[in-house]
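Remarks on the structure that follows.
The values are calculated or read from the model by the stated rules, or taken from the named source; none is laboratory data. Since the model is a prediction, treat every value here as computed from it, not as a measurement. Cβ coordinates were reconstructed from backbone atoms using ideal geometry, including for glycine residues, and neighbour counts include every protein chain displayed. Keep in mind that these areas ignore ligands, DNA and RNA; they rest on the heavy atoms of the full protein, side chains included. Shrake-Rupley method; radii C 1.70, N 1.55, O 1.52, S 1.80 Å.
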Amino acid sequence: MVTVALPDTWVYALRLPHDPRAARVARMTVRAALNGHGMHEVLDVIELLTSELVANAYQYAKGPASLRLTALGGGRLRVSVWDANPYIPAPFDELPGTKPRPAPVDAVSGRGLLLVQAWADSWGGDALGPGAGKLLWFEVGRLGHGRQEA
């Protein structure tokens, strides 16, 4: 009998059309991939944060977006979302470790990326050059559910 060791690094990529249902499709994809790899303990956090990045891509970019899930080994997962808008929004334009700025009390939006900043272990944004858009990403570890600072 042969025992097969499954790799602890893998990548899934998904191209998302400019469609209001893209965040839901991204959540379902994340759920399927993480359940398939036994990463149940980070599933809810990854699903929520992915949904926020994809919803922002739909809201602020005019074209499609791409989602990439990358298992980095050691239980760490990186989620990145590309879109055609080159603008890096706050708080992704700040250095990791910066305390989240609260959204104004009467604001009807502006909290999604703050959730990423608060719950992810690390995060960032990269402008990809003229006409190439941007990449927003975050990482969460298997046992670390983000930085939940008080």
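Spin-label pair ASP19-ASP44: with each label point 7 Å from Cα along the Cα-Cβ axis, the two points sit 2.9 nm from one another. At full extension, TYR87 and ARG31 could sit 17.3 nm farther apart than now, given 0.36 nm per residue minus the alpha carbon distance. Computed with a 1.4 Å probe over protein heavy atoms only, the accessible surface of region 7-77 comes to 51 Å² per residue.
Just how far, in whole angstrom, is region 115-129 from region 29-56 if you go by their alpha carbon centroids? Measuring centre to centre over Cα atoms gives 16 Å.
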